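Asker: The following block contains the structure, expressed as structure tokens.
The values are calculated or read from the model by the stated rules, or taken from the named source; none is laboratory data. Source: prediction; values computed, not measured. Here the Cβ is made from the backbone with ideal geometry for all residues, glycine too, and neighbour counts use every protein chain on show. Keep in mind that these areas ignore ligands, DNA and RNA; they rest on the heavy atoms of the full protein, side chains included. Shrake-Rupley method; radii C 1.70, N 1.55, O 1.52, S 1.80 Å.
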Amino acid sequence: MTNPIADVRYALRSLRKTPVFAVAALAIVALGVGLNTAAFSLFDAIVLRPLPEVRATAELVDINEHGASYPSYQYLRDGTDVFSGLAAWASRWLSLAPGSGSASGERVLGNVVSGNYFAVLGTEPAAGRFFLPAEEDSGEPVAVLSHALWQRRFSASPSAVGGSVVLNGAPFHVIGVAPAAFRGVSFGNPADVWIPVGAWPRVATGAMARIDNHARTWGWMRLFGRLRPGVGISRARAAVTAVSRREMAQFPETGRNADPVVQALAHTAAGGDDDMDPIRFFGLLLGSVTVVLVIACANLANLLLARAAGRRKEMAIRQALGASRGRLVRQLLTESVLLASAGGALGLLVAAWSLAMLLRFPLPGGASLASFGVALDLRVLLFAIAVSLATGILFGLAPAVSASGGEILPALKSDRGPRPGRIRGRMPLVVAQLALCLVLLSSAGLLVRSLRNALHTDLGFEPRGVALASVHLGLARYDEARAVRFATAFSERAAAMPGVRSVAWAGLLPLSGDQNVETVQIDGATPDPKLSVEVTAVGPGYFATLGIPILAGREFARAEDAPAGPGSVVVNEAAARRFWPGANPVGRRIRIYKADRTVVGVARDSRFQSIRAGAVPMVALDIEQLGGDGVLSPMILLVKVAGDPRAVLPALRSEAGRLDPGLPLFGLRTLEESIGDALLPQRLGSVLLGIFAGLAFVLALIGVYAVVAGGVARRMRELGIRLALGAHPAQVRRMVLRETAASLLTGLVIGVPLAALATQLLSGFLYGVSPGDPVTIGAAILVVGAGGILAADLPARRASRVDPIAVLRNE
């Protein structure tokens, strides 16, 4: 038979005769291919294709000028010749007024962009048009909607283009809709709406409303450009640096003190500069599932080798009838490729299920992995096909060559096939499985220990039992007096709810990732009276609500810290030690935001910036004494309750709606959930690597069991003779275990340096434990070693119970 179709038919008949083998092989391949396909779909959407619906992404570069002003953007745009186009953008939260089928307002993420933003990206609109160059600085109130917002608020109606939306109380004319997959050029939450730079004053609120767009000192924008043909990043970096230095010399008020950073836009759009480092995280995820695939395929190769040993006589007969060795290898490879292809098809179901579970995992800010457009598309399908075929060929080749080799006459004379004690190639596969399993178990163990350390860290405050609700009254065009009335009424209504113990307002949440570093001037401080500290704005009752003790003085109180009264601040212990070592700070003066303020209290240190950073010097200001800069900025109401904080979230939304039905209330969650965002890499990594390590461990034990059991089955005559000659069953059992222990030890010896090397890649995600931690790796060694001995002991016990008379009679 030379027809490939005939080979497939023969393979199907052969597999039908061994259904247990076929089902086991299909399950192994489906698991390995499915997990790899799911991981690749994430890696592809987030890392490989971070800029969907963008033309020639390799030509785009991000220019981080540490905050560029709009005039700086124009200066660079007009002063370089390395770009075919240079664009600017800034991300700002906006309030979308009720309407278009929605009875309540909504906070949306807006991008303020230059007029050529979409043109430089090479993006085409899904409906309508994008901005014209003349609209950049004209002040025309025009807007482009994201495809998601168009569907959510307008049900994808074509009439939306030409209609209007109200942003921060200002009407905007909708001129177009972005493509469905387009989400902007930054990592994280996709943009909902785009407006031109000239229209920004229409929506600017609070302190930003007082800033001139054309102020060279206001660095609020990021830049990106498209390189001209033949221009590389190094040349662009040199050109941008030269122009930036020239601008600084000509306009010193610009105030930059570092050269711009020029890098691939795809890198920053994939989160390459993000603290979580998603490129490395999802790269590690893909690497982990690849290890699982290799272990699964090693098991498949062991199954194929065992099957090849049982078919040696069949192959010898076919060779005696004239079949060449190449012909037999092709037939056996057809079977393995057929198995791998069918397993890959089932793996798509595993991938779909795995993705459905992963896409439910919440990301910081209320986003989800689904926002990145993760899907089993054509690229992912081709990847699954390629992995399946590679699995069938690479791990089926050795068994095919083994089965088709050897001498024909001994195989024809034997009724049971060869009787060697070992089949070459099977134990090395087990050794590789054990070594890779040790790598995954060590990595998972480090992330679990890191998460445990973080969860048991003393934060300096009590996050349990605290509900959160956020407002941005400035976006809703409140004035200061109205904002104060709303904040007072909302907090009073919340305090009157059943089970509520205390409430307080805050401008920033601890461990939220947001920070506000300001320069303060300390009276009597030496040697430098000007120092940079973390600054936050909080309301009365904040420290009591979070359970932060006041060690000296008092915290803010409305009776004593009236909005019109003298400025008051509360400092933490770190600030007291730094600014007034050995002295009592209460009553001392501190100048911040161009006003002198008095220290009224010292609070216990708490972790504010991050769990890893520990306590830093911090100054808390009374949010009401800041006036419009406080109550018109984003504010979070903290509600301490006696029971489950989630129970009060619907009531908080209801009370806010009674005060202002159109006001967007966002961030409804618990403080514990908010802090959990800071531990996302450890949480997600612990869950996923734990699952992968568990699968790898089970597969490795199955491999050990299969090889040892197969070896025992082939040595029945030898074992029967040993027992007949007086060997004790315990001696036979120890002999089998001793032979297996050598392979186990080899796998562990190889796995230890691999684990120590692999865990170095986790260094950025660990807390309270170091990469290569000997305790964690030692525990993984014990688990793998004990599991391997247990898996080998099952067939070893069976070998010790062999009836020598029955075995010899059968022989």
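Asker: What are the pairs, 6+ residues apart or on separate chains, where a residue within region 575-594 that is free of Cβ contacts under 8 Å to residues at least 12 places away in the same chain has its Cβ under 7 Å from a residue that is outside any loop (DSSP other than H, G, I, E, B)?
Answerer: Taking only residues 6 or more apart or on different chains, not a single pair turns up.
Asker: Residue by residue through region 209-231, note down the ones that are assigned to a loop (DSSP other than H, G, I, E, B), open to solvent by 30 Å² or more (accessible area, probe 1.4 Å), at pLDDT below 90 and not polar (S, T, N, Q).
Answerer: Within region 209-231, Ile211, Asp212, His214, Arg216, Trp218, Gly219 qualify.
Asker: Okay, next question. Only one of Ser234, Ser288 is outside any loop (DSSP other than H, G, I, E, B), open to solvent by 30 Å² or more (accessible area, probe 1.4 Å) and hydroxyl-bearing (Ser, Thr, Tyr); which?
Answerer: None of the other options fit; the residue is Ser234.
Asker: Next up: Output the qualifying pairs, or none if there are none: Cβ atoms under 6 angstrom, residues six or more apart or on different chains, first residue in region 669-688 and within 21 Å of Leu761 (Cβ to Cβ), second residue part of a helix (DSSP H, G or I) and among the β-branched types (Val, Ile, Thr).
Answerer: Matching pairs, first to second residue: Ser686/Val448.
Asker: Okay, next question. For region 695-811, which fully contained helices (runs of 4 or more DSSP H) count at least 1 residues that are of a type in the set (S, T, N, Q) and closer than 25 Å to Pro681 by Cα? Break it down into steps so the answer makes sense when it comes.
Answerer: Working: elements: 716-724, 729-758, 774-800, 804-810.
Hits in region 695-811: 774-800.
Asker: In region 194-204, what residues are buried (at least 21 other Cβ atoms within 10 Å of the Cβ) and either in a loop (DSSP other than H, G, I, E, B) or aliphatic (A, V, I, L, M) (or both)?
Answerer: Residues satisfying the conditions are Ile195, Val197, Ala199, Val203.
To keep it simple, each residue is scored yes or no on (1) more than 21 Å from Ala270 (Cα to Cα); (2) small (Gly, Ala, Ser).
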site	(1), (2)
Val54	no, no
Ser72	yes, yes
Leu76	yes, no
Asp81	yes, no
Pro98	yes, no
Ser104	yes, yes
Arg107	yes, no
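Asker: Now for a separate question. So which of Gly690, Gly772, Gly726, Gly768 is at positive phi, at pLDDT 80 or above and open to solvent by 30 Å² or more (accessible area, probe 1.4 Å)?
Answerer: Exactly one residue qualifies, and that residue is Gly768.
Asker: Is it the case that Gly392 is in contact with a Ser or Thr (Cβ under 6 Å, 6 or more places away or on another chain) and either at pLDDT 65 or above or assigned to a loop (DSSP other than H, G, I, E, B) (or both)? I'd like the intermediate steps shown before the answer.
Answerer: Details: in contact with a Ser or Thr (Cβ under 6 Å, 6 or more places away or on another chain): yes; either at pLDDT 65 or above or assigned to a loop (DSSP other than H, G, I, E, B) (or both): yes.
For Gly392, the condition - in contact with a Ser or Thr (Cβ under 6 Å, 6 or more places away or on another chain) and either at pLDDT 65 or above or assigned to a loop (DSSP other than H, G, I, E, B) (or both) - is met.
Asker: Somewhere in region 296-307, is a residue of a type in the set (Lys, Arg), modelled with pLDDT of 75 or more and surrounded by 18 or more Cβ atoms within 10 Å (Cβ to Cβ)?
Answerer: The answer is no, given that none of the residues of region 296-307 is of a type in the set (Lys, Arg), modelled with pLDDT of 75 or more and surrounded by 18 or more Cβ atoms within 10 Å (Cβ to Cβ).
Asker: If you check Arg733 against the conditions, is it basic (Lys, Arg), buried (at least 17 other Cβ atoms within 10 Å of the Cβ), at pLDDT below 90 and over 24 Å from Ser450 (Cα atoms)? Step through it out loud before you land on a result.
Answerer: Details: basic (Lys, Arg): yes; buried (at least 17 other Cβ atoms within 10 Å of the Cβ): yes; at pLDDT below 90: yes; over 24 Å from Ser450 (Cα atoms): yes.
Answer is yes for this residue.
Asker: State all residues of region 626-636 that are of a type outside the set (D, E, K, R) and surrounded by fewer than 24 Cβ atoms within 10 Å (Cβ to Cβ); if no residue qualifies, say none.
Answerer: Correct list: Leu626, Gly627, Gly628, Ser633, Pro634, Ile636.
Asker: Mind listing whichever residues of region 661-676 are charged (D, E, K, R) and crowded, with 19+ Cβ neighbours inside 10 Å? Steps first, please.
Answerer: Filtering region 661-676 for residues charged (D, E, K, R) gives 669, 672-673.
Answer for region 661-676, where residues must be charged (D, E, K, R) and crowded, with 19+ Cβ neighbours inside 10 Å: just Arg669.
Asker: Could you run through region 7-55 and say how many residues are among the basic types (Lys, Arg) and under 26 Å from the mean Cα position of the chain (by Cα)? Walk me through it before giving the result.
Answerer: First pass over region 7-55, keeping only residues among the basic types (Lys, Arg): 9, 13, 16-17, 49, 55.
With under 26 Å from the mean Cα position of the chain (by Cα) added as a condition, the list becomes 49, 55.
Of the residues in region 7-55, 2 are among the basic types (Lys, Arg) and under 26 Å from the mean Cα position of the chain (by Cα).
Asker: Can I ask one more? Looking at region 610-625 only, could you name the residues that are surrounded by fewer than 20 Cβ atoms within 10 Å (Cβ to Cβ) and over 17 Å from Leu551 (Cα atoms)?
Answerer: Matches in region 610-625: Ser610, Ile611, Arg612, Ala613, Gly614.
Asker: While we're on this one: If you take the residues in region 626-671 that are of a type in the set (Asp, Glu) and more than 19 Å from Val538 (Cα to Cα), which one is nearest to the chain's Cα centre (by Cα)?
Answerer: In this case the residue turns out to be Asp644.
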